[in-house]
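To start, the structure under review is shown below, and the notes come after it.
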Amino acid sequence: MTEQTAQNTQDQGPETGPGGASREGTAIGERAAVHAQRTGRQRRAILDPEILWPAVTDSFRKLKPTTLIANPVIFIVEVVSVVTTLLFVRDVFLVGGDPLFVGLVSFWLWFTVLFANFAEAVAEGRGKAQADTLRATRKQTTATRRLPDGTLEQTTSTALEVGDVVVVAAGEVIPSDGDVIEGIASVDESAITGESAPVIREAGGDRSAVTGGTRVLSDAIVVQISARPGETFLDRMIALVEGAERQKTPNELALTILLSGLTLIFLLATATLQPFAIYSGATGDKVISLTILLALLVCLIPTTIGGLLSAIGIAGMDRLVQRNVLAMSGRAVEAAGDVSTLLLDKTGTITYGNRQAVELIPMYGISVERLAEVARMSSLADETPEGKSIVALAEGVYGARSQEVPEGSEFIPFSAQTRMSGVDFDASSIRKGAADSVRQWIDEQGGEIPAGMDQTIDSIARDGGTPLVVAEGREVLGVVHLKDVIKEGMVERFGELRAMGIRTVMITGDNPVTASAIAEEAGVDDYLAEATPEDKMRLIRREQEGGKLVAMTGDGTNDAPALAQADVGVAMNSGTQAAKEAANMVDLDSDPTKLIDVVEIGKQMLMTRGSLTTFSIANDIAKYFAIIPAMFVGVFPALDALNLMRLESPVSAILSAVVFNALVIILLIPLALRGVSFRALPAAQVLRRNLFVYGIGGIVAPFIGIKLIDVVITALGIS
Amino acid sequence: MSLGSWVQLTVLVAMLAVSTPLLGTYMAKVFGGVKAPGDRVFAPIERGIYRLCGIDPEGEQRWRAYATSVVAFSAVCVLGLFLLQRVQAWLPLNPDDLPNVPSFLAFNTAVSFVTNTNWQNYSGESTMTHLTQMAGLAVQNFVSAAVGIAVAVALVRGLTRRRAGTIGNFWVDLTRATLRLLVPIALVGALTLVGLGLIQNFSGFTEVATVEGATQQIPGGPVASQEVIKLLGTNGGGFFNGNSSHPFENPNPTTNILEIWLMLCIPFALTWTYGRLAGDLRQGLAVLGAMVVLWVSAAGLTMWMEGRSNPRLEGTAVTQVRTDTATGGNMEGKESRFGPPGSGLFATTATGTSTGAVNAMHDSFTPLGGMVPLVNMMLGEVSPGGVGSGLYGMLVFAILAVFVAGLMVGRTPEYLGKKIEAGEVKLVVLYILIVPVVVLVFAGISVLLGTARASILNPGPHGLSEVVYAYTSAANNNGSAFAGLTGGTDWYNITLGLAMLFGRFLLIVPVLAIAGAVAQKNHTPMSLGTFPTGTPTFTGLLVAIVLIVVGLTYIPVLALGPIVESLVA
């Protein structure tokens, strides 16, 4: 963790707090809403009219068989729709045909295909809308190129090659991605991150990366271009949110295979039904028509999940985008759900990044008020967060305020040599600093170290805190307890993660004693103290050897190898190019805490897929009870006993099943896009809950739905 | 269910409750690679066999080699058994001078016994010589069962090993399963059965004068030795045409219960073995639970339905209620010494275990009572299934269940810590697809084909049940015959033979491929986020998946067969 991000996240910290506090079972959606409010970006409704209309046209465009074949289940429905349309045309001209029934079946089968296409189009539409906004940012800009001989020339952003050096002045747009090599500037990155507060970018260090399309607000910087034209971060971002390079993720692929297999089984079951029917006497005027067999086929094959599968995947990516996280592939989102170990940097992720004074402990015989006065005075000129926190503590908790620093006093700033800071008055001087330094200072003046100081210091260190000794003149007054403050709500979140079976490991540069104390307080499962990048890498490898998937965040160049090795590596947008290249996700808000949300979004996406698959398969039971009696009641009137729903007539039974089958897709689009409700619970409880809702619900729902449609159809007089 | 049903079921469950842990633990030791009880006796014999056959017992096989060994071994067995039947007339132990078996029938029978199906298109006592029965059929009863166990054990190894290339050695598994498991139990079992009244001799037909003065041909033969392995190995091929309804094969209710136990003991115990080898007994218990639920429900349903009276016979002189001299219920086609409880329990066990033995005429069961054995087979032999095949079949369903529902907990589905990905799903889909394809396509052709239709003895829905039953039985390697279908024609000899071959090897190969694929994978440690597979919830899910997948495949044809028949009646 670098200073920069530490600073950043500290600023954001209190705001993340409410989102993280009192979160017992808070849904991701709500958290996203809080986030959207914060970033000031408009959160699109699940079904936004601006997206719906283009999606309607898109669903027709997606009828193209060559595109549709990627989705075997829906492709079969399209083929069947074509066949039933031909049968309809035949029946229109055929005496004794049943054009109304065949026509209606055909109509609804087409709708089944269109609804499935629509689901995908809506999911894509959300990304497309965002891509359009981004594209507006990408519009060609001019750039001032500095040639090796120092001369400047005007060129366009698209003409820039890797290694070119450009000068960007205040008010200008940075033409392409690169690293600042000279100067410092405040940059408005809202075009990419949605965050309106400007950020500082300067040469050298871990905040040198700038992104094309962002605007320099003050000063001027010299940037060395690091991206080829068309391959900038913005370009990749557009491609990602648009889903142009979307490939099936591993789980999606496996699910497609299963769905294709089920489709084959049902194809077989329906195809062989005709011989059995003929054997059973369904010949002549009782013959089972092709339309009915095809209707049965479409009702049985898993059209619901088949139609929604890709929408679920796109929506999962989109949910991340809404949270300002860019996943470089769907595979990464899926892997996020599988993560079993989270590596979290202590500073900025678990704690607020800076130590804060939490307690003043006076030495024997010293009043706490006096200690507070002196501690406050020693820090008045101290601009570090630690110093500010001492002043705040002394004033807020201990009521110190009275004394002003006398005129003519001299402030002694902190230096690496003395490891103390303080103030010199005429009469005496005040120092605060590390125990050893203060001890030496007291010794030099011939003072005495009070009994109990060492004990106090040791006990603070054991608690993971940092002791600062405060002395006035030759007298030690007491000790300030500085400690890392755990971000609000983190303890609960770690509890939730543990409930989900995810292990959290805190990474810190602190010594083991401090690390262990903070780890215990924060409630993480393990910690890696005095961590070097190599240690981090070793830890990741060890976890992976043990079959675990590891997620981590990072921003520095030295994080890059670990980010690449981790199964889910989230780079901070404020980080270096190297880190961003190595990671498979980039968090535009540079909020490392968001890693936890990423994991939850990944899980939610997988849950949605599983739940809708279960629902889809469970639906078939009712459809059999609708169609089988309807099919054979002519041959075997006794089979009407299986007509559990007491559907009005064979025609209405079959139509109802087909209509239900189509409508259920459209009704489930919001669920597919939003994701099933997510609660941080152990897998066993999640399973029981989802099995009940989507398994049992999947069996019961169509019985009710088909019956209702049957009532409507009967009322319309179609049967 | 009647009191008799409850008593029989309870006795059986008690016997299984004792045998499952004992036998399961023993098998875990036999196949776990560690020291096993009886090493002092068996180890030298095994070493002898390995040396004789040139087997390196330490040489582990990758899944392809394992599968090749299974298929090659079985192919040699089919060929050998075929030839034996074709020359039996000229060989010894042929007291009744039986002729050679016709070639199509010999093919069907060879395939039938090697695939552990034991579909019999012949009448045992009048077709097979004692030599063919003992050196051919009985040997296959042992080794075909051992093959099933070997494949199951290989799958369990694949699931439990980490980053391994191999899944064991087929020849070693085959030898150990036969020598350490089947032979000892068969030996004790056969002696027990002889003690309870089964015959064991080398006689041919004995002509006797009956009390009424007529003459009767009484068959003889080495029955007990064949009977025990027929059941223990879930083979089902009877020595006599009457199978276990014949008094020499199954003389009394005690032997009946013992025979039912013999069918169930290994399939149930293998789940215990699985739990032990997986290092988590609950994994085995969850699978066992699913098998028990399916088996008990099937048995209970049939016993109950057969115990009720036949509505068609009401108002006739037939007594269908229980009296001092009659058990009551639907007694048509049942032995009076077994009655509806003993017959229903036997029928559902024999169909649920892929044994296919019969002690009653399933054709004469009530429509729904007869549908249960049919559905039992359609389930793919997992209630509890054949020796080995039951476990691997159920594990494939478990993988499917994990995949369908596992995503619901928000992780890539895992079974025993092994990620279930596209490769495994493909193989699972192949596994569940093969049998329905074979059954529905062959049955579909048979009901339309004139020559095949001619074999159907009963018209209408019942005839459809007969045909579907035959192919279901063959493709699921059960061998149970519904009767009412003349199976001995060329069409049925060939197509049923093919159905048996496809149903055996086109399933074993994907199973071994799954074993090989998951063996290579790393193991994800269990955590609270892991989809739990050792719980009652999973048992329930597994049962639901089996019923739904099978139900959705076969409901249409069931509706036109037994269901409509029961509704019409």
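Under 14 Å Cα-Cα from A:Lys62, which aspartates and glutamates qualify once same-chain neighbours fewer than 8 residues away are excluded?
A:Glu78, A:Glu120, A:Glu124
Looking at this model, which pairs from A:Lys346/A:Lys603; A:Lys64/A:Lys580; A:Lys248/A:Lys594; A:Lys388/A:Lys536 are more than 29 angstrom apart at the alpha-carbon?
With Cα atoms farther than 29 Å apart: A:Lys64/A:Lys580; A:Lys388/A:Lys536.
Tell me, Kirkwood radius of segment B:3-568 from alpha-carbon pair distances, in Å?
Evaluated on segment B:3-568, it is 23.7 Å.
Just checking the output field for A:257-266: average partner chain Cβ neighbours within 10 Å of each residue's Cβ?
That works out to 6 on average.
Separation between the A:Val693 and A:Ser218 pseudo-spin-labels, each 7 Å from Cα along Cα→Cβ, expressed in nm?
5.0 nm
Output the relative contact order of segment B:3-568, whole-number percent, from Cα pairs under 8 angstrom with separation of 6+ residues.
Relative contact order here is 19 percent.
With labels modelled as points extended 7 Å from the Cα through the Cβ direction, what inter-label distance (nm, one decimal) is found for B:Arg64 paired with B:Trp6?
So the label points at B:Arg64 and B:Trp6 sit 5.9 nm apart.
Counting alpha carbon pairs within less than 8 Å and at least 6 residues apart, what relative contact order, in whole percent, applies to chain A?
16 percent
Which ³J(HN,Hα) values in Hz, rounded to whole numbers, follow from the phi angles of segment A:547-559 under the Karplus curve 6.51 cos²θ - 1.76 cosθ + 1.60, where θ = phi - 60° and Gly and Pro get x?
x, 9, 9, 10, 10, 8, 10, x, 9, x, 4, 6, 7
Along its principal axes, what span do the Cα atoms of the protein assembly as shown show, with the longest given first and each in whole Å?
Answer, in whole Å and largest first: 142, 84, 63 Å.
Given the -39500 (n - 2.57) contribution per DSSP H run of 4+ residues, what per-residue ellipticity at 222 nm results for chain A, rounded to the nearest 500 deg cm²/dmol?
-17000 deg cm²/dmol
Over the whole of A:599-609, what's the average partner chain Cβ count within 10 Å per residue? Rounded to a whole number, please.
Across the residues of A:599-609, the mean count of other-chain Cβ atoms within 10 Å is 3.
What average count of beta carbons from other chains do you get within 10 Å of the Cβ of residues in A:641-654?
Rounded to a whole number, the mean comes out at 1.
Could you order the peptides A:433-443, A:531-541 from most to least packed, using the average number of other C-beta atoms within 10 Å per residue?
Top of the packing list down: A:433-443, A:531-541.
Which order do A:Ile696, B:Ile563, A:Ile305 fall in if you start with the one that has the fewest other Cβ atoms within 10 Å?
By the 10 Å Cβ count, ascending: A:Ile696, B:Ile563, A:Ile305.
Report, by chain and number, residues whose modeled amide H sits under 5 Å from the one on B:Leu528, excluding near sequence neighbours (fewer than 5 apart, same chain).
A:Gly501
Out of residues 5 or more away from B:Thr353 or on other chains, whose amide H comes under 5 Å of its own, with H placed 1.01 Å from N in the peptide plane?
B:Gly385
Aspartates and glutamates within cross-link reach of B:Lys230: Cα-Cα under 15 Å, excluding same-chain residues under 8 positions apart?
Here the aspartates and glutamates satisfying the reach criterion relative to B:Lys230 are B:Glu249, B:Glu259.
Charges at C-beta only: +1 for Lys and Arg, -1 for Asp and Glu. How large is the resulting dipole of segment B:3-568 about its Cα centre, in Debye rounded to 20?
2080 debye
Using per-residue counts of other Cβ atoms within 10 Å, averaged over each peptide, order B:462-471, B:296-305, B:145-154 from highest down.
Order by mean packing, descending: B:145-154, B:462-471, B:296-305.
So how do A:422-430, B:472-480, B:158-166 stack up, highest first, on mean other-Cβ count within 10 Å?
B:472-480, B:158-166, A:422-430
Amide H of A:Glu359: which non-local residues (sequence gap of 5 or more, or other chain) have their own amide H closer than 5 Å, using H built in the peptide plane?
Distant-sequence amide H within range of A:Glu359: A:His481.
Add -39500 (n - 2.57) for each DSSP H run of 4 or more in chain B, then divide by its residues: what number comes out at 222 nm, to the nearest 500 deg cm²/dmol?
Value at 222 nm, helices only, nearest 500: -20000 deg cm²/dmol.
Under a straight-distance cross-link criterion of Cα-Cα below 16 Å, which lysines are reachable from B:Lys521, leaving out those fewer than 8 residues away in the same chain?
By straight Cα distance, B:Lys521 reaches A:Lys548, B:Lys418, B:Lys419.
Every read-out reported here was derived from the displayed coordinates using simple, explicitly stated rules and does not represent laboratory data. These figures come from a predicted structure and were not determined experimentally. Cβ sites come from the backbone with ideal geometry, for glycine too, and all protein chains shown count toward neighbours.
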